[in-house]
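Student: Here it is, the structure, as C-alpha cells.
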Amino acid sequence: MKNRSRFPFVFWIANGIEVLERFAYYGIYMGFGIYLQQLGYSKGDLGFIQSIFLALSYLTPLFSGTFADKFGFKKMLLISYAAYLPSILLLIVTKSFSGIALTMLSIGFAAGIFKPLISATVRATTDSTNKTMGFGIFYMMVNIGASFGPIVMGKLRGWSWDYVFITAAVAVGVMFLITVFMYKEPPREIEGVTLKKKFKDMKEALSDVKFLVFIIFLGIFFWMPFWAFFNTLAVYINDYMNTAQLYLATKSVLGETITQFISNFDDGVWKINAEAISHTGYIIIIFQLFISRFFESRSAIPSFLFGLFVAAGGFVVLGLAVTGSNSLLYLGVFLFAVGEMISSPRIQEYIMWIAPKEKAGLYMGTNFLATFIGAILSGIYTGIMGSFEEAGHPEYIMYTLAAHTLIGIIAIYGFTRVAGEFKELKE
C-alpha cells in the first residue's frame, strides 16, 4: 500500500479561499429573504430573485470551467472577484426591485465563475493516495464557511444590514489578496475541452431519452424541494415562529453565551436569528462520516429513495413546528439534513447505473442540468408560501413540499423499474 502523498501549499490556500467564499455567499443568501421583506417586497418577488440567482450560480460553471482550462485558474478567480466585490457593495445603495434583482444576478454570476475553480484545484493537487481525503477536507471547508456565514451575518444585521454587505465584501477582498500573493497555478493536464465539444457531449447524453427523463425527475423531485428548503426556511422561522421562545429553548441546551451569539436583542428581548438555525452545514460536519459509512454498503437506489423519505419527514415536522411546539424546528432541520446526507452522495452512483459503461463520464458531465432545473423552479415555492400565509396557513408550504417529495419517490421508483427493465432488454 502506497504512503499518502502530502498536500501541497496551494491545496491549503485554495481551501482557505473556499471557506471565505462560502462564508460570503451563504451569509448573504440565507438572510436575503428577511432583508428583502424588510424593504417591503413580497414573497413572490423574493422567489423570482432566488430562482434567477441560484440558476445562474449553477449554469455559469459550464462556461467558467472551460475558460479556466484555457486561461488558468488564477485569472478566472480574479475575474470572479471583480464581479463579486462591486455587486455586494451595490446592495448597500440599491433599493429598487430591478436594481436588487440585477445585483443578485451579478453575485450569482460571480459565484458561478468561482464555483468549479477550487474543486478543480483540489483535483489537480491530489493523487490516487490522497484524493479521497483531499475532497473530504474540501467539503468540510464548504460546510464550515456555509455554517458560519449565516451565523455571523445574522448577528451583524441586528445592528445594520450595511455591516452584512461590508463584511461579505471584506471576505472577497481577503480572497483577492490571498489569490494575488499566495495562490500559485497548480500543475495540471490541460483537458482542452471547448464549449462546442461540451455542448456536443451534452446533446449526445441527452439524446438518451431514459437519461433525459432521469435528469428532469432529479431536477423536479430532488433539487427543487432541496432548494425550496433553503429558500423558504429562514423567512418561515422569522415570520411564523416565536423567535423569543426559540431563544429561551435554545439557551436551555446550549447555554447563554452561545445562544446570544446566534441571537439579537430586539425590542427589549433576545430573539434567535432565523438564518443562523435554518441551514444544515453544522449537522453535515458532525454526522456526514457516520451516515456515509452506514450507507456505503447499501444499494444506491433504495438508499437514495430512503433519503428522500427522511427529508419528507423533515418537512412534515417543520409544518408541525408552527402549529405545535416551535422547538420541533430543530428536529425538522435535522431530519432534512439526514435525508440530504443519505441521498445526495448517491446521485453519482445512480447516474453510473443508468449510463452505458463507455459513456459514464459523458453522462456525469450533464448532471449539473438537474441542479439548474431545480434551482430555476425553486422560487415558485417561496411565492406559494406567501399565498398560504394570506390564507392563514403558512405551515401548508412544508406539507406541500413533503407531498412533492413523496410523489418524487413514487415517480423515481417507477422510473427505476421501467428503466431497469429497459436496460435488461438492451443488454
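Student: Quick check: Cα centre of segment 111-175 to Cα centre of segment 372-421, how many Å?
Tutor: Segment 111-175 and segment 372-421 have Cα centres spaced 29 Å from each other.
Student: Further question on the same structure: Under 8 Å for C-alpha pairs, at least 6 residues apart: give me the relative contact order for the chain, rounded to a whole percent.
Tutor: 25 percent
Student: While we're here: Could you compute how much accessible surface residue 129 exposes when probed at 1.4 Å, giving the result in Å² to the nearest 10?
Tutor: About 40 Å², rounded to the nearest 10.
Student: For segment 328-341, take each phi angle, set θ = phi - 60°, evaluate the Karplus expression 6.51 cos²θ - 1.76 cosθ + 1.60, and give the result in whole Hz per residue in order, putting x for glycine and proline.
Tutor: 4, 3, 5, 5, x, 5, 4, 5, 4, 4, 4, x, 4, 5
Student: Same structure again: Please work out the FRET efficiency for the pair residue 256 and residue 344, using the Cβ-Cβ distance as r and a Förster radius of 35 Å; give the result to the nearest 0.05.
Tutor: 0.50
Student: Any idea what the relative contact order of segment 166-313 is, in percent, if you count C-alpha pairs under 8 Å spaced at least 6 apart?
Tutor: 15 percent
Student: Right, here's the next one. Report the gain in length on full extension from residue 209 to residue 92: 0.36 nm times residue separation, minus Cα-Cα distance, nm rounded to one decimal.
Tutor: 37.4 nm
Student: Pick from 228, 110, 124 the residue whose mean-square fluctuation is largest in a GNM of the chain, springs joining Cα atoms under 10 Å.
Tutor: Residue with maximal mean-square fluctuation among 228, 110, 124: 124.
Student: For residue 263, which sequence-distant residues (separation of 5 or more, or a different chain) have an amide H within less than 5 Å of its own amide H, given hydrogens modelled in the peptide plane?
Tutor: Close amide H contacts, sequence-distant or interchain: 273.
Student: Compute the length gained on full extension between residue 387 and residue 170: take 0.36 nm times their separation in residues and subtract their Cα-Cα distance, giving the result in nm to one decimal.
Tutor: Working it through step by step, the gained length comes to 74.4 nm.
Student: While we're on this one: Among (1) 18; (2) 22; (3) 27, find the value of percent of Cα pairs over 39 Å apart that was calculated from the structure presented, and write down its label.
Tutor: Recomputing percent of Cα pairs over 39 Å apart here gives the entry labelled (1).
Student: While we're on this one: At R0 = 30 Å, how high is the FRET efficiency between residue 127 and residue 293 if r is their beta carbon distance? Nearest 0.05 is fine.
Tutor: According to the calculation, E is roughly 0.80.
Student: Relative contact order of segment 236-315, please, whole-number percent, based on alpha carbon pairs below 8 angstrom and at least 6 residues apart.
Tutor: Across segment 236-315, relative contact order equals 23 percent.
Student: If each of residue 185 and residue 67 carries a label point 7 Å out from its Cα toward its Cβ, how far apart are those two points in nm?
Tutor: Between residue 185 and residue 67, the label points sit 1.6 nm apart.
Student: At 222 nm, what value in deg cm²/dmol follows for the chain if DSSP H runs of at least 4 each add -39500 (n - 2.57) and the sum is divided by all its residues, to the nearest 500?
Tutor: Mean residue ellipticity, 222 nm, calculated: -26000 deg cm²/dmol.
Student: Another one. Excluding residue 149 itself, calculate the net charge of residues whose Cβ lies under 13 Å from the Cβ of residue 149, where each Lys or Arg counts +1 and each Asp or Glu counts -1.
Tutor: Net charge around residue 149: 0.
Student: At R0 = 41 Å, how high is the FRET efficiency between residue 5 and residue 242 if r is their beta carbon distance? Nearest 0.05 is fine.
Tutor: Once rounded, the FRET efficiency stands at 0.20.
Student: Let me ask you something else. Find how many whole Å separate the alpha carbon centroid of segment 263-300 from the alpha carbon centroid of segment 221-240.
Tutor: Cα centroid of segment 221-240 versus Cα centroid of segment 263-300: 14 Å apart.
The values are calculated or read from the model by the stated rules, or taken from the named source; none is laboratory data. Quick caveat, the model's predicted, so the values are computed rather than measured. All Cβ positions, even for glycine, are placed from backbone atoms using ideal geometry, and neighbour counts span all protein chains on display. Heads up: the accessible areas ignore ligands, DNA and RNA and are worked out on the full protein's heavy atoms, side chains in. Shrake-Rupley method; radii C 1.70, N 1.55, O 1.52, S 1.80 Å.
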